[in-house]
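Take a look at the following structure, please.
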Amino acid sequence: MVPGVEGGVTIHYPDGAQMPIYDAAMRYKTENVPLVVFAGKEYGTGSSRDWAAKGTALLGIRAVVVQSFERIHRSNLIGMGVIPLCFEEGTSWQSLGLKGSEQVTIRGLHGELKPRQRLMAEIVAADGALKRVPLICRIDTVDELDYFKNGGILQYVLRHLAA
């Protein structure tokens, strides 16, 4: 998102301020803006330890949309209350021409969410252009769905202990 700068820096929208990723994430958090990550193939490879997913959740990222996931990292994201989503075959953030300034709404997360359900992303560009992009929810089992609906595995366990 910041041409000529490698890692650790991003742009805060809509003001366009350049800042460290952590600072931008905390600013979005105070503004009540949930974050979405768009990535490519085998997202999470080399980062399957649970802290990679914890860091994602602590930054305020609520959804990760990719071409494919590393198996364990996908599961760890769900355990932290982050929803893993996949583009349909042949679609990527590159093919959609995403820049990072878009506003994203994921339709179908409320109500009767089911494992591997097809959802719809509505992506609005800075110029107001709307793209509707089908996604596959990569919550693969009923148990994972229970964890996600409770905000993560820790909250799930605590609620069951309290009951």
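So Ala163 ticks every box in (1) under 18 Å from Arg62 (Cα atoms); (2) open to solvent by 90 Å² or more (accessible area, probe 1.4 Å); (3) modelled with pLDDT under 95 but one. Which box is left unticked?
Exception for Ala163: condition (1).
Next question. Return only the number of the condition from (1) open to solvent by 30 Å² or more (accessible area, probe 1.4 Å); (2) out of contact with any helix residue (DSSP H, G or I) (no Cβ under 8 Å at 6 or more places or on another chain); (3) closer than 29 Å to Asp15 by Cβ; (4) hydrophobic (A, V, I, L, M, F, W, C) that Leu85 does not satisfy.
(1)
Another one. Do you know which residues across the range 63-75 are out of contact with any Lys or Arg (no Cβ under 7 Å at 6 or more places or on another chain) and open to solvent by 40 Å² or more (accessible area, probe 1.4 Å)?
Of the residues in the range 63-75, the ones out of contact with any Lys or Arg (no Cβ under 7 Å at 6 or more places or on another chain) are 63-66, 70-73, 75.
Hits for the range 63-75 are Arg71, Ile72, Ser75.
Identify the residue in the range 1-31 that is of a type in the set (A, V, I, L, M) and outside any loop (DSSP other than H, G, I, E, B) and, among all such residues, is farthest from Thr56 (Cα to Cα).
Among residues in the range 1-31 that are of a type in the set (A, V, I, L, M) and outside any loop (DSSP other than H, G, I, E, B), the one farthest from Thr56 (Cα to Cα) is Ala17.
Only one residue in Leu130, Leu119 is hydrophobic (A, V, I, L, M, F, W, C), exposed (fewer than 12 other Cβ atoms within 10 Å of the Cβ) and over 14 Å from Phe38 (Cβ atoms), so which one is that?
Leu130
Could you list all residues from the range 30-62 that are in contact with a His (Cβ under 8 Å, 6 or more places away or on another chain), aliphatic (A, V, I, L, M) and either open to solvent by 30 Å² or more (accessible area, probe 1.4 Å) or modelled with pLDDT of 95 or more (or both)?
If the condition is that a residue be in contact with a His (Cβ under 8 Å, 6 or more places away or on another chain), aliphatic (A, V, I, L, M) and either open to solvent by 30 Å² or more (accessible area, probe 1.4 Å) or modelled with pLDDT of 95 or more (or both), then Ala52 is the only one that fits.
Report those strands (runs of 3 or more DSSP E) wholly inside the range 71-131 carrying at least 1 residues which are free of Cβ contacts under 8 Å to residues at least 24 places away in the same chain and not basic (Lys, Arg).
By residue number, 103-107, 118-124.
Another one. Name the residue, out of Thr45, Thr30, that is in contact with a helix residue (DSSP H, G or I) (Cβ under 8 Å, 6 or more places away or on another chain) and farther than 23 Å from Tyr156 by Cβ.
Among Thr45, Thr30, only Thr45 is in contact with a helix residue (DSSP H, G or I) (Cβ under 8 Å, 6 or more places away or on another chain) and farther than 23 Å from Tyr156 by Cβ.
Kindly establish whether Glu6 is more than 15 Å from Glu102 (Cα to Cα) and modelled with pLDDT under 90. Reasoning before the result, please.
Working: more than 15 Å from Glu102 (Cα to Cα): yes; modelled with pLDDT under 90: yes.
Yes: the conditions hold for Glu6.
Then there's this: Taking the range 63-101 as the region of interest, how many residues are within 14 Å of the chain's Cα centre (by Cα), under 21 Å from Val2 (Cα atoms) and modelled with pLDDT of 95 or more?
Result for the range 63-101: 4.
Take the residues in the range 133-144 that are among the aliphatic types (A, V, I, L, M) and either out of contact with any strand residue (DSSP E or B) (no Cβ under 9 Å at 6 or more places or on another chain) or assigned to a loop (DSSP other than H, G, I, E, B) (or both); name whichever of them is surrounded by the most Cβ atoms within 10 Å (Cβ to Cβ). Talk me through it step by step, then tell me what you get.
Here is the first cut: in the range 133-144, the residues among the aliphatic types (A, V, I, L, M) are 133, 135-136, 139, 142.
Then drop every residue that is not either out of contact with any strand residue (DSSP E or B) (no Cβ under 9 Å at 6 or more places or on another chain) or assigned to a loop (DSSP other than H, G, I, E, B) (or both), which leaves 139, 142.
Values: Ile139: 25, Val142: 9.
The selected residue is Ile139.
The values are calculated or read from the model by the stated rules, or taken from the named source; none is laboratory data. In this text, all values refer to a predicted model and were calculated from it rather than measured experimentally. Note that we place each Cβ from the backbone using ideal geometry, even for glycine, and neighbour counts take in every protein chain shown. Accessible surface areas use protein heavy atoms only, side chains included; no ligands, DNA or RNA. Shrake-Rupley method; radii C 1.70, N 1.55, O 1.52, S 1.80 Å.
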